[in-house]
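Structure, as structure tokens:
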Amino acid sequence: AQKVTQAQTEISVVEKEDVTLDCVYETRDTTYYLFWYKQPPSGELVFLIRRNSFDEQNEISGRYSWNFQKSTSSFNFTITASQVVDSAVYFCALSGPPGGGATNKLIFGTGTLLAVQP
Amino acid sequence: DTGVSQDPRHKITKRGQNVTFRCDPISEHNRLYWYRQTLGQGPEFLTYFQNEAQLEKSRLLSDRFSAERPKGSFSTLEIQRTEQGDSAMYLCASSPGQATYGYTFGSGTRLTVV
């Protein structure tokens, strides 16, 4: 069975602090995809990143960086120099291998509410 | 095309009434998904269409729920005889192919059953 765990329910930081959001996943698939989405108060889920299971390189995009470690089944997300606009709920998600007519539905974690105080 | 559109944004209904939500995906996307999100939880998969064919339904989708995508374009999700437990955000997403490319989500329809 596939499962995503985001143990941090809420995190509060002061602007300009760095913050790391944790994500641990479970899957029996050897090929899978991991995602992060941001959900601001407006409700729309905003895609941030997709990473396949064969690519363990860390990725940096501006103030955002992701650390994928297959050995610990983790895909953590760090925001450097946080800003008030980063306040949102962040979801980690997992999808199975492509092909074979599979639905490839996303399995989401329960999310982490990040509050960045000015 | 500006993204996935959902209508209405908010719906308040009395218990026992029927409601219908609409989703307009990105035009070139052949895959369409419905998710439900309750307070404090992540979205949960409800059903999936590839073009007009409904290929998978979650056990969450009881007999009171029905979804259609008649011409492989927009989709509707109907809930009959609504219950208070149906109160949630209903999210639609579309994808150009296999979902591993990433979904584009709509803003959702927030349903409140009173």
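The values are calculated or read from the model by the stated rules, or taken from the named source; none is laboratory data. Given the structure is predicted, the values throughout are model-derived calculations rather than measurements. Because the Cβ atoms are built from the backbone with ideal geometry, glycine has one as well, and the counts that use them run over all protein chains shown.
When region A:10-35 is filtered for residues that are away from every other protein chain (no Cβ under 11 Å), part of a strand (DSSP E or B) and under 19 Å from A:Ala88 (Cβ atoms), the ones remaining, listed by number, are A:Ile11, A:Ser12, A:Val13, A:Val14, A:Val19, A:Thr20, A:Leu21.
Each row is one residue, and each column tells you yes or no for (1) within 14 Å of chain A (Cβ to nearest Cβ); (2) touching a Pro at 6+ places or on another chain (Cβ under 6 Å); (3) under 30 Å from A:Asp29 (Cβ atoms).
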| residue | (1), (2), (3) |
| --- | --- |
| B:Gln17 | no, no, no |
| B:Ile26 | yes, no, yes |
| B:Asp86 | no, no, no |
| B:Ser94 | yes, yes, yes |
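With respect to (1) among the aliphatic types (A, V, I, L, M); (2) over 20 Å from B:Thr47 (Cα atoms); (3) modelled with pLDDT under 95; (4) surrounded by 18 or more Cβ atoms within 10 Å (Cβ to Cβ), the lone exception for A:Ile60 is condition (4). You will find that of B:Lys57, B:Lys11, the residue that is without any contact (Cβ under 8 Å) to a residue 12 or more places away in the chain and at negative phi is B:Lys57 and no other. Could you check, for region A:39-57, whether at least one of its residues is surrounded by 12 or more Cβ atoms within 10 Å (Cβ to Cβ), touching a Ser or Thr at 6+ places or on another chain (Cβ under 8 Å), in contact (Cβ under 8 Å) with a residue 60 or more places away in the chain and among the acidic types (Asp, Glu)? No: region A:39-57 contains no residue that is surrounded by 12 or more Cβ atoms within 10 Å (Cβ to Cβ), touching a Ser or Thr at 6+ places or on another chain (Cβ under 8 Å), in contact (Cβ under 8 Å) with a residue 60 or more places away in the chain and among the acidic types (Asp, Glu). Taking first residues from region A:23-38 that are under 16 Å from A:Ser71 (Cβ atoms) and partners that are basic (Lys, Arg) and assigned to a strand (DSSP E or B), the Cβ contacts under 6 Å between residues at least 6 apart in sequence or on separate chains come to A:Glu26/A:Lys3; A:Leu34/A:Arg51. Of everything in region B:63-80 that is more than 14 Å from the chain's Cα centre (by Cα) and modelled with pLDDT under 95, the residue that is nearest to the other protein chains (Cβ to nearest Cβ) is B:Gly72. Tell me, yes or no, whether region B:44-53 has at least one residue that is more than 14 Å from every other protein chain (Cβ to nearest Cβ) and in contact with a Gly (Cβ under 9 Å, 6 or more places away or on another chain). Scanning region B:44-53 turns up at least one residue that is more than 14 Å from every other protein chain (Cβ to nearest Cβ) and in contact with a Gly (Cβ under 9 Å, 6 or more places away or on another chain). Apart from one condition, B:Tyr33 fits all of (1) under 29 Å from A:Thr5 (Cβ atoms); (2) hydroxyl-bearing (Ser, Thr, Tyr); (3) out of contact with any strand residue (DSSP E or B) (no Cβ under 7 Å at 6 or more places or on another chain); the exception is (3).
All told, B:Gly42 falls short of being loosely packed, with under 15 Cβ neighbours inside 10 Å and outside any strand (DSSP E or B).
Criterion first (in contact with a Pro (Cβ under 8 Å, 6 or more places away or on another chain), surrounded by 14 or more Cβ atoms within 10 Å (Cβ to Cβ) and more than 10 Å from chain A (Cβ to nearest Cβ)) does B:Leu32 satisfy it? When the stated conditions are applied, B:Leu32 passes them.
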